[in-house]
Amino acid sequence: FRRVLFRSHILVEKEDDAKAIISKLKGGAKFEELAKSSKDPGSAEQGGDLGWAPPDAFVKPFSEAMIALKTGEYTQNPVKSQFGYHVIRLEETRDAQFPPFEEVKGQIGESLQQRKLQAFQQDLKKKAKIQ
């Protein structure tokens, strides 16, 4: 089974700002309140929530820091990425839920037909003599 994680983060531009956020969290501040100042507009309004995804859906430094956390923990040091500095909290983990085969059988069939059609078209293009 593949694990998926529900995580939140606060993104800031400077390492010192991230360290200040971690200090506030240690002092009892609420993550959701501090997240409102995040530089990530997509998650700031949701208290930093990024939703469910596998760890490899994120840049490497973010993923590595996230998988080292236990549920409910946040990073004790800022995590640097090309976007800035993150304070990450792991909310929850679970096994990925795959739909029953009967529910996706039609989609799988369509996907296979599309692949066959594309292969056939590419084969025709290779054999075609264009003048």
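Here are a few things to note about the model shown:
- Summed over qualifying helices (DSSP H, 4 residues or more, each -39500 (n - 2.57)) and divided by its residue number, the chain shows a 222 nm mean residue ellipticity of -13000 deg cm²/dmol.
- Rounded Å value of the spacing that divides the Cα centres of region 1-23 and region 45-97: 6 Å
- About its Cα centre, the chain has a charge dipole of approximately 740 debye under the convention of +1 per Lys or Arg Cβ and -1 per Asp or Glu Cβ, with nothing else charged.
- Rg and Dmax, both from the Cα atoms of the chain and both in Å, are 21.6, 75.
Every number here is computed from the coordinates shown, using simple stated rules; none is lab data. Computed from a prediction, not measured in an experiment: that's the story for all the values here. Cβ coordinates were reconstructed from backbone atoms using ideal geometry, including for glycine residues, and neighbour counts include every protein chain displayed.
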